[in-house]
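Take a look at the structure below.
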Amino acid sequence: MLGFPVTELTAASAEADILRQKIGQTLSLREKISKKRMQAIEIRENLNGQVSELRAELIGDQKRLKTMSYQEAIHSPRIYYDLMLVLQLRAYISELNKKIEVFTGGTAKLEFLYLQADDDLKIIETLNHMRVERLMAQIDKALRKYTSIYDEYLFNANNIVLEKPVEIWNEIIQQE
């Protein structure tokens with residue numbers, strides 16, 4: 001038995017079992033967050049496409065109506081409506097960008113902890129007496145943190161801050 005007391009082998013086996021469970025939880029949550037990140041990226045891409053279409057419409061309307069100033073432009077209901085849509089879409093995109101950043105950090109942290117736990121599990125299985133409570137505590141903390149962000153909405157429309165329509169108008173016209 002390599003000279004290790006039975007109690008140490010039993011404790012190491014229990015730790016290894018717990019660590020295997022933590023590895024499974026880490027991989028599962030990382031996968032869920034990664035999928036949610038991809039969903040947010042896809043939504044952001046769709047919203048960016050809609051913004052591009054609206055920009056093209058605004059530029060076309062601006063040329064057709066020969067309006068240059070924001071004050072003239074907002075008298076056109078179509079321009080005003082399109083401008084308000086661009087404002088709303090850009091606010092959503094901004095919130096999605098924040099969530100994507102959090103999801104990216106979460107998946108990276110969980111990947112790091114997975115690799116560390118996997119390495120430590122190999123050490124436990126080899127040496128049968130290594131203590132890993134600290135690592136398990138870190139994994140528990142990350143699981144709690146990133147489980148909560150996984151359950152959040154991608155963004156809350158009530159917390160969206162809109163830019164000023166005149167700024168969007170000027171930005172669009174200057175790009176043309």
Q | Straight-distance crosslink candidates among aspartates and glutamates, where the alpha carbon sits under 13 Å from LYS98 and sequence neighbours closer than 8 are dropped | A | GLU152
Q: Using the structure shown, list the pairs from LYS36/LYS164; LYS35/LYS122; LYS35/LYS109 with a Cα-Cα distance above 26 Å, or answer none.
A: LYS36/LYS164; LYS35/LYS122
Q | Normalised contact order of the chain, rounded percent, pairs of Cα under 8 Å and 6 or more residues apart | A | 41 percent
(Q) Of the candidates TYR80, TYR92, TYR114, which one comes out as most mobile in a Gaussian network treatment of the chain with C-alpha springs shorter than 10 Å? (A) TYR80
Q. For LYS66, LYS164, what's the fewest-to-most ordering of other Cβ within 10 Å of each Cβ?
A. LYS66, LYS164
Q: Classify the chain as rounded, prolate or oblate, taking a ≥ b ≥ c as the square roots of the eigenvalues of its Cα gyration tensor: rounded when a/c is under 1.5, otherwise prolate if a/b is larger than b/c and oblate if not.
A: prolate
Q: Take every Cα pair under 8 Å in region 35-100 that's 6+ residues apart, average their separations, divide by the length, and report that relative contact order as a whole percent.
A: 53 percent
Q. Can you give the angle from 0 to 90° between the axis of helix 77-127 and the longest principal axis of the chain, with both taken from C-alpha atoms, to the nearest 10?
A. 10 degrees
Q | Per-residue ³J(HN,Hα) for region 145-156, Karplus 6.51 cos²θ - 1.76 cosθ + 1.60, θ = phi - 60°, Hz, x for Gly and Pro | A | 5, 7, 5, 5, 6, 5, 7, 6, 5, 5, 7, 10
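Taken together, the values in this text are just the output of simple stated rules run on the coordinates, not laboratory data. Because the structure is predicted, anything quoted here is derived from the model rather than measured. We place every Cβ from the backbone using ideal geometry, glycine too, and count neighbours over all the protein chains shown.
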